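Trainee: Got a structure for you, written out below as structure tokens; questions coming shortly.
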Amino acid sequence: MSIQKSETLPDVTYWLALQIAKVDPVVDLDVMYKGSLELDFLYQLLTCKAQQHWWRNYAVALSPVVVNNAFFRAVALLHNRNIEFNRSRNTDETVWVRDLLKR
């Protein structure tokens, strides 16, 4: 199976975002986004895991640049999604749903 380089970065980013989301206990994205030991640990663990996954499943050796970019894009993607979720929780568009669910 051949994967084009243009397809690899989004795929690795998505895969890493799923891996970050599955971490138990849940990571604090605000703290992680600013930099932390947790970020360093996850970076080492998940970038290595991503390279192994791609090699075993697709026989593709990911470059360190692709893995690095994918990891930080995944963190940014999850962080931005978390910000949007928090912003939308108390807007007029969602308050009526919460009120409806309370009934």
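Trainee: I'd like to compare 11-17, 96-102: which one has the highest average count of other Cβ atoms within 10 Å, and what's the full order after that?
Mentor: Details: 11-17: 19.9, 96-102: 8.3.
Peptide ranking by packing, descending: 11-17, 96-102.
Trainee: Taking Cα atoms of segment 22-70, Rg/Rh with Kirkwood Rh, to two decimals? If you can, show how the numbers build up before the last one.
Mentor: Values: Rg = 12.3 Å, Rh = 11.8 Å.
So for segment 22-70, dividing Rg by the Kirkwood Rh gives 1.04.
Trainee: Could I ask something else about it? Sort the following peptides by mean Cβ neighbour count (other Cβ atoms within 10 Å, averaged over residues), highest first: 71-81, 21-31.
Mentor: On the way: 71-81: 16.9, 21-31: 11.6.
The peptides rank, most packed first, as 71-81, 21-31.
Laboratory data are not the source of any read-out in this text; all were calculated from the coordinates shown. None of the values given here were measured: they were computed from a predicted structure. Every residue, glycine among them, receives a Cβ derived from its backbone with ideal geometry; neighbour counts consider all protein chains shown.
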